[in-house]
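S.K.: One structure, as structure tokens, below. Some questions next.
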Amino acid sequence: MTTQTKTTWRKVKLGEIGEIITGKTPLTREPKNFGGYFPFITIPDLKDQRFILKTERTISDIGAQKMKNLKLPANAVVMSCLATVGETGITTKESFTNQQINSIICDPQSVDYRFVYYVFRRLKRRLQKYDGSVYTNISKSKFADTEIEIPSIGDQKRIADILCVFDDKIELNNKISRTLEQIAQAIFKEWFVNFKFPGHEKVKMVDSELGKIPEGWEAKSWGELESESLAGDWGDNTESTEAPRKAYILRGTDIPALQAGSKGECPIRYLSDDSLERRKLKPGDIVIEISGGSKGQPTGRSIFITQEILNRFELPLVCTSFCRSVRGNGILAPILMYLHLFRLYQTKKIWNYQLQSTGISNFQYGQFNKYERLVIPDKIIQEKIADTLYSYIEYGHLNENQKLAALRDLLLPRLMRGELRV
């Protein structure tokens, strides 16, 4: 790549390089409209998905027929334009979106759809300025009239190829991280749920309140395994004598990004000296989301804090008031506590501790603390496996996504301004 003068680029409106479609939600009182082959894309589905492979809801053949004029083909580029502006993604098969999303079916003679995706990544701030707010409404006509600059189709493809290299590697790293977590979960299940640990054939099974468990093991409540459990602190937006200390604040929405190897979008806030010293996270801590779930997604997401996570931040990391940090007392290895909690979430047993109110789901931590029972292996078994499981989780956190994303985001504006020749 070399620097260049931007002489071969031209201004076009989005409506000139493809067909603009605004989505729609079929009647929800007619269940036959939902549950089928076609992805139904909403704003939450655009989080951390460049290519949209999975959506919370789908549209049936009946629903698709009613909205046939709004059907998107594969490789359409979508952007949220109502409520939250700027989330974007690329369809991978015939799909539909709700009314919060505008999409463009790109004319392949004019533009490369991957190039348009990266243009959309840069459009977010511009579109928000229509009324100066993050929460706004970009109508179909405003969206179609939005001007962008594009080079030749050949240069578009070359720019997209460069940027895709970074995102392809980030997505591969994410896949490796998920695989390592799945391996840790599989080992945990085999040893501590199915009791098929090495040498189990020689261990007698005895009765307990949880059913048959290996002799020498015992059952305890979650609360009996804690040395400390603290609600988080959202802190203040500005520095003051009462809140002079800066820290990154970990929210439930940041958990997937941290597990995938980045810093997420954790904001910097100001805390009191006492709050920061009490709440700053350390390796081995577990953070649990206790508020903010929805009808379809329970609270209870969790993350195991490793040194690799903390190394990404130049300031202390504290969880928000909608989360809770837990520190074990040594009876059960913290990694085993985390994997038990993670398994509850994956198997949806976490729903047993949800309290739904005004559309928001809250995690009943007090009930969980008292009634959730865990099997406690003897120390020899714990020592045999805890370090191995910890290494799987830590290695999953140890990837280069943060550096890759930073380099991609450094190149993106220069490539899109035509400052680099490709």
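S.K.: Fewest to most neighbouring Cβ within 10 Å: what's the order for Ile105, Ile183, Ile150, Ile288? The partial results should precede the final answer.
M.R.: On the way: Ile105 18, Ile183 15, Ile150 22, Ile288 25.
Ranked by crowding around the Cβ, least crowded first: Ile183, Ile105, Ile150, Ile288.
S.K.: Can you pull out the trypsin sites (Lys or Arg not before Pro) in segment 67-126 that DSSP calls coil and that have at most 15 other Cβ atoms within 10 Å? Display every interim value, and only then the final one.
M.R.: On the way: sites: Lys68, Lys71, Lys93, Arg114, Arg121, Arg122, Lys124, Arg125, Arg126; in loops: Lys71, Lys93.
Of the trypsin sites (Lys or Arg not before Pro), the ones in loops of segment 67-126 whose Cβ has at most 15 other Cβ atoms within 10 Å are Lys93.
S.K.: Among all the lysines, which ones have a C-alpha under 27 Å from Lys13's C-alpha, if same-chain residues fewer than 8 places away are not counted?
M.R.: Reachable lysines: Lys24, Lys47, Lys68, Lys71, Lys93, Lys124, Lys129, Lys140, Lys142, Lys157.
S.K.: Summing Lys, Arg as +1 and Asp, Glu as -1, what charge do residues with Cβ under 12 Å from the Cβ of Ala219 carry, Ala219 excluded? Don't skip to the answer; put the middle values down first.
M.R.: Numbers: positive: Lys212, Lys220, Arg373; negative: Asp207, Glu209, Glu218, Glu224, Glu372.
Its environment carries a net charge of -2.
S.K.: OK, next. Assuming 0.36 nm per residue, please report the length gained on full extension of the stretch Asp161 to Ile380 beyond their Cα-Cα distance.
M.R.: Numbers: separation 219, 0.36 × 219 = 78.84 nm, distance 5.18 nm.
Extra length from Asp161 to Ile380 when fully extended: 73.7 nm.
S.K.: Can you list residues from other chains, or at least 5 along the same chain, whose modelled amide H is less than 5 Å from the amide H of Gly89?
M.R.: Val78
S.K.: Please check which bits of segment 329-353 a label hung off Ser227 would reach, taking the label as a point 7 Å along Cα-to-C-beta and the cut-off as backbone N under 12 Å.
M.R.: 329-334, by backbone N distance to the label point.
S.K.: So what is the 222 nm mean residue ellipticity for the chain from helices alone, if each DSSP H run of at least 4 adds -39500 (n - 2.57) and you divide by all residues, rounding to the nearest 500 deg cm²/dmol? Show your work: numbers first, answer last.
M.R.: Working: 11 runs with 139 residues, N = 422.
Mean residue ellipticity at 222 nm (helix-derived): -10500 deg cm²/dmol.
S.K.: With angles folded into 0 to 90 degrees, how steeply does helix 379-397 sit against the dominant principal axis of the chain? Use alpha carbons for both and round to 10.
M.R.: 10 degrees
S.K.: Near the amide H of Arg57, under 5 Å away, which other amide H atoms are found, from residues 5 or more places off or on another chain, if H is placed in the peptide plane?
M.R.: For Arg57, the qualifying residues are Phe40.
S.K.: Relative to the longest principal axis of the C-alpha atoms of the chain, give the angle of the C-alpha long axis of helix 113-128, reported between 0 and 90° and rounded to the nearest 10°.
M.R.: 80 degrees
S.K.: What is the fewest-to-most order of Thr241, Thr55, Thr388 by other Cβ atoms lying within 10 Å of their Cβ?
M.R.: Thr241, Thr388, Thr55
S.K.: Okay, moving on. Over segment 57-191, calculate the relative contact order: mean separation of alpha carbon pairs under 8 Å at least 6 apart, over the residue count, as a percent. Could the numbers behind the result be given before it?
M.R.: On the way: 142 pairs, mean separation 29.0, N = 135.
This gives 21 percent for segment 57-191.
S.K.: Something else now. When Lys and Arg each count +1 and Asp and Glu each count -1, what net charge do the other residues less than 15 Å away from Tyr345, Cβ to Cβ, add up to?
M.R.: On the way: positive: Arg178, Lys189, Arg301, Arg324, Arg343, Lys348, Lys349; negative: Glu181, Glu289, Glu372.
Summing Lys/Arg as +1 and Asp/Glu as -1 gives +4.
S.K.: Quick query: amide H of Ser208 versus all other amide H atoms, modeled in the peptide plane; which residues come in under 5 Å with a sequence gap of 5 or more or a different chain?
M.R.: Ile213
S.K.: Where in segment 336-377 are there trypsin sites (Lys or Arg not before Pro) that are in a DSSP coil and have at most 13 other Cβ atoms within 10 angstrom of their Cβ?
M.R.: Values: sites: Arg343, Lys348, Lys349, Lys370, Arg373; in loops: Lys348.
Passing sites in segment 336-377 are Lys348.
S.K.: Let me ask something additional. At 0.36 nm per residue, and after removing the present C-alpha to C-alpha distance, how many nm does the segment from Val203 to Gln307 gain when stretched out fully? Mind showing how you got there, number by number?
M.R.: Details: separation 104, 0.36 × 104 = 37.44 nm, distance 3.60 nm.
33.8 nm is the gain from fully extending Val203 to Gln307.
S.K.: Quick one: length gained pulling Asn237 to Trp9 fully straight, 0.36 nm per residue minus the C-alpha distance? Display every interim value, and only then the final one.
M.R.: On the way: separation 228, 0.36 × 228 = 82.08 nm, distance 4.15 nm.
77.9 nm is the gain from fully extending Asn237 to Trp9.
S.K.: Out of these labelled values of Cα Rg over 2.2 N^0.38 Å, (1) 0.94; (2) 1.12; (3) 1.07, which was calculated from the coordinates shown here?
M.R.: Evaluating Cα Rg over 2.2 N^0.38 Å on these atoms matches (2).
S.K.: Looking at the chain, identify the longest residue range that excludes and avoids all GluC sites (Glu not before Pro) in DSSP loops having at most 15 other Cβ atoms within 10 Å.
M.R.: Looking at the chain, 95-208 is the longest stretch - no exposed GluC sites (Glu not before Pro) with at most 15 other Cβ atoms within 10 Å.
S.K.: Trypsin sites (Lys or Arg not before Pro), restricted to segment 191-248: which are DSSP loop and have at most 14 other Cβ atoms within 10 Å? Numbers along the way, then the final one.
M.R.: On the way: sites: Lys196, Lys202, Lys204, Lys212, Lys220, Arg245, Lys246; in loops: Lys196, Lys204, Lys212.
Hits after loop and neighbour filter: Lys196, Lys204, Lys212.
S.K.: Using θ = phi - 60° and the Karplus relation 6.51 cos²θ - 1.76 cosθ + 1.60, list the HN-Hα couplings for segment 72-87 in order, rounded to whole Hz, with x at every Gly or Pro.
M.R.: Computed from phi, the couplings for segment 72-87 are 9, x, 4, 6, 6, 9, 10, 9, 6, 10, 9, 6, 10, 9, x, 6 Hz.
S.K.: Give me the aspartates and glutamates in straight-line cross-link reach of Lys403: C-alpha distance below 18 Å, same-chain residues under 8 apart excluded.
M.R.: Within reach: Asp48, Asp167, Asp168, Glu171, Asp254, Glu265, Glu308, Glu314, Glu394.
S.K.: Now for a different question. Apply the Karplus parameterisation 6.51 cos²θ - 1.76 cosθ + 1.60, with θ equal to phi minus 60°, to every residue of segment 44-58 and state each ³J(HN,Hα) to the nearest whole Hz, in sequence, with x for glycine and proline.
M.R.: With coefficients 6.51, -1.76 and 1.60, one gets x, 6, 8, 6, 6, 10, 6, 9, 7, 9, 9, 10, 5, 10, 10 Hz.
Read-outs throughout are calculated quantities, based only on the coordinates presented, and are distinct from any laboratory measurement. Note that the structure is a prediction, hence the values are computed from the model and not measured. Note that we place each Cβ from the backbone using ideal geometry, even for glycine, and neighbour counts take in every protein chain shown.
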